[in-house]
1. Over the stretch 6-167, give the accessible area per residue in Å² for a 1.4 Å probe, as an integer.
2. Suppose the chain between residue 446 and residue 359 were pulled fully straight at 0.36 nm per residue; how much longer would it get relative to their current alpha carbon spacing?
3. For the chain, what does the helix formula give at 222 nm: sum of -39500 (n - 2.57) over DSSP H segments with n ≥ 4, over the residue count, nearest 500 deg cm²/dmol?
4. So which of 353/462; 337/462; 251/353; 353/507; 462/507 end up more than 30 Å apart, counting from Cα to Cα?
5. May I ask you to order 483-496, 336-349, 80-93 by the average number of other C-beta atoms within 10 Å around their residues, highest value first?
6. What FRET efficiency, computed as 1/(1 + (r/R0)^6) with R0 = 30 Å and r the Cβ-Cβ distance, is obtained for residue 134 and residue 227, rounded to the nearest 0.05?
7. Residues of the stretch 185-252: accessible area per residue at 1.4 Å, in Å²?
8. Between residue 386 and residue 271, what's the calculated FRET efficiency when r is the beta-carbon distance and R0 is 35 Å? Round to 0.05.
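The values are calculated or read from the model by the stated rules, or taken from the named source; none is laboratory data. As the structure is a computational prediction, the values presented were derived from the model and not from experiment. Here Cβ is always computed from backbone atoms with ideal geometry, including for glycine, and neighbour counts include all displayed protein chains. Remember, those area values only see protein heavy atoms, side chains included, never the ligands or the DNA or RNA. Shrake-Rupley method; radii C 1.70, N 1.55, O 1.52, S 1.80 Å.
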Amino acid sequence: MLGGTALMGAVPGTLPSVQAASTATAAFTPDLEIELRAVHESIPLLPGAPTSVWRYRGKVLNGDAWAVTHHPDSPLGPVIRVHRGMRVRIHFINELPQPSVVHWHGLIVPEAADGHPRFAVGPGGRYVYEFEVINRAGTYWFHPHPHGMTGPQVYAGLTGLFIVSDDEEQALGLPAGERDVSLVIQDRSFTRDNQLQYIGSGPGMMGMMSSMTGFLGDRIHMNGRPDYMLAAERRPYRLRLVNGSNSRIYKLAWYDGTPLTVIGTDGGLLAAPVSRPYVTLAPSERIELWVDFSSRAAGEELNLVSLPFVASSGGGMMGRGMMGGGPAQGSAFPVLKVRMGQGAAVSEKLPGKLASIPALRPEQAHNLNNPRPIRVTASGMRWSLNGRMFEMEGVANDEVVRLGTTEVWEFINEAGMGMMGSMPHPMHVHGVQFRVIDRRAHPSAMAAWRSVSEGYVDEGWKDTALVMPGERVRVLIRFDHYPGLFLYHCHTLEHEDMGMMRNYLIKA
Ligand code: C2O
Ligand code: CU
Ligand code: CU
């Protein structure tokens with residue numbers, strides 16, 4: 001695990017071993033073929049010395065050139081844009097000094113293309129991903145998934161977006177082009193010489209704090225930049241918010257109290273827009289907003305902030321002070337500044353119906369009265385699931401599901417670490433998009449729950465559900481695409497790296 005100082009010291013100039021791994025098949029004819037390299041670069045981020053980062057660089061080999069774009073002067077990886085139904089082949093090349101593998105978060109892809117840690121390739125290694133885009137239109141993303149190193153690699157900069165459109169979405173005439181803005185929110189800390197500072201879980205007081213709370217940075221970067229500002233026209237916008245932070249949860253609100261209009265979540269558009277006073281966005285979750293700037297004055301400045309909330313139950317010690325490096329989970333932060341242009345205001349209507357989503361029918365599940373429990377457990381300074389840690393190939397008898405069935409899973413967050421109390425855990429399942437059936441909070445943890453629960457958006461498809469201290473969340477999952485070994489885990493990356501992750505098997 002990397003220490004508490006500069007994140008990337010010496011990066012070898014030569015790539016020692018070359019491994020080839022591939023899922024490429026001659027029968028697969030891609031509509032889009034991309035080369036994706038994970039590389040080391042130096043980028044000017046702060047005044048003074050440039051910052052050493054790891055990042056994805058993408059290039060279209062075959063297909064539309066517009067499908068891959070990069071943010072200027074940012075460590076953020078490319079934005080890949082595709083249409084539903086397209087067949088994609090991605091050639092990943094690992095130019096980092098440690099093993100890596102790419103996971104397409106939220107996308108439903110065959111086992112061999114899902115970026116399981118057992119497929120990680122070493123320095124100089126390559127991996128070919130092939131899949132058909134079967135997901136609904138929505139905001140998906142990709143990041144490394146090597147076991148024990150996901151946290152530091154994502155933190156170093158390895159994050160990209162995968163945006164899917166489809167015919168149903170395009171018929172809506174939602175704000176497009178310059179007015180369709182994706183925003184990746186991440187927290188970072190720097191050393192005095194402008195290098196990224198990371199504290200992984202491990203020995204020592206800081207390492208223990210990081211095991212408990214996850215790494216928390218002290219400033220917010222938007223799309224990889226410390227100084228990002230959105231210059232907006234006075235017209236409606238579509239904002240795709242992605243929480244790309246290792247551990248930090250945001251409670252996003254306009255500083256002036258204007259409610260938020262939510263049109264989409266992890267798995268795409270909602271059936272209809274919903275309004276929230278604020279939205280709660282845990283690591284890896286996505287929220288799409290429709291924002292009408294036409295009512296704003298020319299030159300007006302708007303601020304999106306993260307409001308304070310109660311992050312732990314019990315103890316109380318976790319609620320204050322510096323944890324894992326930066327201000328505690330639940331601290332207030334400015335997040336995004338938006339400045340209105342001088343042009344004329346133009347209004348547009350948001351359609352009242354956005355997408356057709358099948359009604360939620362928990363009766364379809366074969367275990368409605370006996371949900372599969374996924375309990376947060378803790379032993380010593382380690383978080384685990386149902387008392388088990390991650391095993392690379394290991395899958396227990398009670399972690400097997402049948403292809404073609406529908407199940408209820410219940411995430412139960414009632415364990416704590418002694419005086420530290422319990423922590424929030426964003427629970428993520430690979431290979432599926434699910435629906436949230438309901439949530440219940442334990443009476444002893446109401447303060448934490450009440451401080452974020454009005455900002456949950458559980459109306460649509462999800463691949464990650466935040467489970468607050470003392471909370472139980474029931475979700476409905478249909479396993480109807482690919483068989484194989486997939487993962488479920490906490491998306492607090494320091495918890496995941498520590499082993500708060502398990503395989504489950506979708507059996508054909
Ligand atoms: Cu975004 Cu298994 O993770
Ligand atoms: Cu995932
Ligand atoms: Cu966790």
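1. 34
2. Numbers: separation 87, 0.36 × 87 = 31.32 nm, distance 2.95 nm.
Length difference between fully extended and current span is 28.4 nm.
3. On the way: 5 runs with 31 residues, N = 508.
-1500 deg cm²/dmol, from helical runs alone.
4. Working: 353/462 19 Å; 337/462 28 Å; 251/353 26 Å; 353/507 37 Å; 462/507 22 Å.
Cα-Cα > 30 Å for 353/507; rest within.
5. Values: 483-496: 24.6, 336-349: 13.9, 80-93: 19.4.
Per-residue mean Cβ counts within 10 Å order the peptides as 483-496, 80-93, 336-349.
6. On the way: r = 38 Å, r/R0 = 1.28.
Efficiency for this residue pair is about 0.20.
7. Working: 1960 Å² over 68 residues.
For the stretch 185-252, the solvent-accessible area averages 29 Å² per residue.
8. On the way: r = 34 Å, r/R0 = 0.96.
Taking R0 as 35 Å, the efficiency between residue 386 and residue 271 is 0.55.
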